[in-house]
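Notes for the one structure printed next.
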Amino acid sequence: NGTIEDIGDLSFVFYTDGEIQKEMPSESSGLVLDEEQSYCMVNGEKDKSIQITLTEDFTVQVSKMSNSRTKCNLYFVKGIFMSGKGIPVVNNGPGLYEVTHEESTLDASWKETSEYRYAGSDPNNYIWFNNELWRIIGLVNVKTSSEEIQQRIKIIKNEDIGIYSWDHKISGQGSSISPYGSNDWNDSQLMNMLNGIYYNNQTGECWKEEMYNSSTQNTCDFTSTGISDAAKEMIDSNIIWNLGGAEGVLGYSLQRYYDSERNTTVVANRQTEWKKENTKDATTGTVTPELFNSIGLIYPSDYGYATSGGEEKNRTACLSLSIDQWNINKNSLNSDCAENDWLKPENGYLWTLTPYSKDAQLSYNVHYMGDIGTDGAHTSLAIYPTIYLKSSVYIINGTGKQENPFQIARIIN
C-alpha cells in the first residue's frame, strides 16, 4: 500500500533448503544453520565480517555488526549439533554423513543411535587440539566404563608421530608367544609408548623394525611434541576400546569389520577390550591401570566410513564392496572409494588397533593403494594417535577448514 514497516536495525530472512519461510525452524526440526551459505547485508552489500551462529537452544547470534539496517539471510539444512556446533549432514561430496547399522549382527544397544562420520577427500573436519592440527573422525557410539552406549567425538592427529612397531616383545615376555611380538594391545609396546612417554611429554623406549624379522629398541623424544596438560583434561579415559579381531581380508565388508571390532573373537588368551582394569605392562604383563590414558589408533571401520565415493562409484556403492576391492591397482574402476577417503595414507601404511583373530602376531593396517591388510606386529608402520574427547568439550569457534579449524574448550560446571 505504498508504506514500509520499520523493522529496526536487524532483520532476518529464513530459508529451509532454499525455500523462504516466514518463521525460524524449531529445535525439533532436525535442521541446523548452514554457516557457509548464510550471510548478512548492509545497504545491499554483503558484509563478510559479520558472523552468524546458532546455539543448540536455537538462539541466533550475530556478532561483529557495526552498522544499522542489517539484513541477514539464514539458510537451514538437515544436520546435527555436535558438541554445541551445528554441522550440516550431507548425502554426497565431502562432509558429515549419517551412519546406521541395520545390517549389523551386534546387539541392539550398538544400533539404536545413528553415528556421524566425516567423509570425502578433504572434508572440513580440522580441529585445534594439543596446540596442533587434528581431525574429527566423527561423532561415534562408544561403550563407557559403566557399560553404557554413549556418543563421543573421536579425533586423530593430522600428521603421524613416526614409524614404529605395533609390538616386538620376545617370546615369553608379556603376551608374546613368538620372537615377532604380540597383537594383544593391552600390553603392546606401542600402547605403552603412546600412553607413557608420548602422553607424558617424555623421552623413553620405543621400537622400530630395522630389518625383516629384527627390531631395535630406540629412544624417542616427545618432550615438546607429546600431550599438553590442557589437552589431557579433554581426553576421555573412561571409554572402553574394542579389541575384537577380524578373521580375514578378502570379501570383508565394512559392516563386517565394524561388527568384528566389537565382537569377542580373538586369539586364545587375548583380551577383547582395553580399559583401565585390564591394562598390562608390555615387559612384565602385570596390570598397571596408571598406563591407561586412552590414546589408541583408528579401527579399519573408521577408514571405511571416511569415503564419500565419487562420480563412478558413489558412497553407497563403495560401502557395499568388500574393502579389498578398493585397491586402486587391482580395481581401478573402484578408485573413487579410496581416492575420496581422507584417512587413506598418501604413501606407505598406517597401523590400526584391530588384531587378526587367527594369528597372535598379526594386526590390521591401511595401505596407500586403498585397501586394508595385515602385517606382523613387529613391522614398523606410521602411527597416528587417536583419542575420544570428553562430553564436556564443546566447539566454540571455527569452520573446520584447515585455515580455520574448530576451536574447543572444556566446559567446567
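The values are calculated or read from the model by the stated rules, or taken from the named source; none is laboratory data. Because the structure is predicted, anything quoted here is derived from the model rather than measured. Because the Cβ atoms are built from the backbone with ideal geometry, glycine has one as well, and the counts that use them run over all protein chains shown. The protein model used for the area step is the full one, side chains on, heavy atoms only, and it has no ligands, DNA or RNA in it. Shrake-Rupley method; radii C 1.70, N 1.55, O 1.52, S 1.80 Å.
Note on Asn201 and Lys46: their simple-model spin labels are 4.2 nm apart, each label 7 Å out from Cα toward Cβ. Inter-part distance, the range 286-308 to the range 215-284, computed on C-alpha centroids, equals 5 Å. Of the residues Lys78, Lys280, Lys390, the one that moves most in a GNM of the chain with alpha-carbon contacts below 10 Å is Lys78. Close amide-amide hydrogen proximity is noted between Ile240 and Lys143, Thr144, Ser145, each under 5 Å apart and 5 or more residues distant or on a separate chain (H modeled in the peptide plane; Pro and chain starts excluded).
In terms of the mean number of neighbouring beta-carbon atoms within 10 Å, the peptides 187-195, 32-40 order highest first as 187-195, 32-40. In summary, the lysines within cross-link reach of Lys390, defined as a Cα separation below 18 angstrom excluding same-chain residues under 8 places away, comprise Lys85, Lys143, Lys154, Lys157, Lys232, Lys275, Lys276.
Using 0.36 nm times the number of residues separating Thr265 and Asp221, minus their current alpha carbon distance, what extension gain do you get? Additional length available on full extension: 12.2 nm. Remark on Asn397: its backbone amide H falls under 5 Å from those of Gln407, a criterion applied only to residues 5 or more positions apart or on other chains, H modelled at 1.01 Å from N.
Backbone amide hydrogens, once placed in the peptide plane, bring Ser38 within less than 5 Å of Tyr75, excluding anything fewer than 5 places away on its chain.
Computing Rg and the Kirkwood Rh from the Cα coordinates of the chain gives a ratio, Rg/Rh, of 1.03. 3J(HN,Hα) along the range 140-152: 10, 7, 9, 9, 8, 4, 8, 6, 8, 8, 10, 10, 9 Hz, from the Karplus curve 6.51 cos²θ - 1.76 cosθ + 1.60 with θ = phi - 60°, whole Hz, x for Gly and Pro.
For Glu277 and Thr399, what is the calculated FRET efficiency with R₀ set at 35 Å and r taken between the beta-carbons, to the nearest 0.05? If you can, show how the numbers build up before the last one.
Details: r = 40 Å, r/R0 = 1.15.
With a Förster radius of 35 Å, E is 0.30.
Of all the options Ser114, Ser320, Ser176, the one that moves most in a Gaussian network model of the chain with Cα springs shorter than 10 angstrom is Ser320.
Annotation: per residue accessible area for the chain equals 45 Å², rounded to a whole number [probe 1.4 Å, protein chains only]. Hydrodynamic radius of the range 206-343 by the Kirkwood approach over all distinct alpha-carbon pairs: 18.1 Å. Remark: the chain carries a charge dipole of roughly 320 debye about the Cα centre, counting +1 on each Lys and Arg Cβ and -1 on each Asp and Glu Cβ. Could you state the number of Å between the C-alpha centres of the range 112-179 and the range 15-54? Measuring centre to centre over Cα atoms gives 34 Å. Here the dipole of the range 130-193 is about 140 debye; that uses its Cα centre as origin and unit charges on the Cβ of Lys and Arg (positive) and Asp and Glu (negative). Along the range 69-86 the Karplus relation, 6.51 cos²θ - 1.76 cosθ + 1.60 evaluated at θ = phi - 60°, assigns HN-Hα couplings of 6, 9, 10, 10, 9, 9, 9, 10, 9, 4, x, 9, 9, 10, 6, x, 10, x Hz to successive residues, with x for each Gly and Pro. Each residue of the range 273-288 was assigned a 3J(HN,Hα) from its phi angle through the Karplus expression (A = 6.51, B = -1.76, C = 1.60, θ = phi - 60°), giving 9, 10, 8, 4, 6, 10, 7, 10, 6, 5, 8, 9, x, 7, 6, 9 Hz with x at Gly and Pro. Principal axis extents of the C-alpha atoms in the range 187-233 (largest first, rounded to whole Å): 40, 21, 11. The slack in the chain from Glu290 to Ser26, taken as 0.36 nm per residue of separation less the alpha-carbon distance, amounts to 90.4 nm.
Ranking Gly296, Gln325, Trp342 by Cα position along the charge dipole of the range 282-413, where only Lys, Arg, Asp and Glu carry charges on their C-beta atoms, puts Gly296 farthest toward the positive end.
Rounded to the nearest 20 debye, the dipole size of the range 1-112 about its Cα centre is 500 debye, using +1 on the Cβ of Lys and Arg and -1 on the Cβ of Asp and Glu.
Taking the accessible area of the chain, probe 1.4 Å, and keeping the other protein chains in place, the carbon and sulfur fraction comes to 44%.
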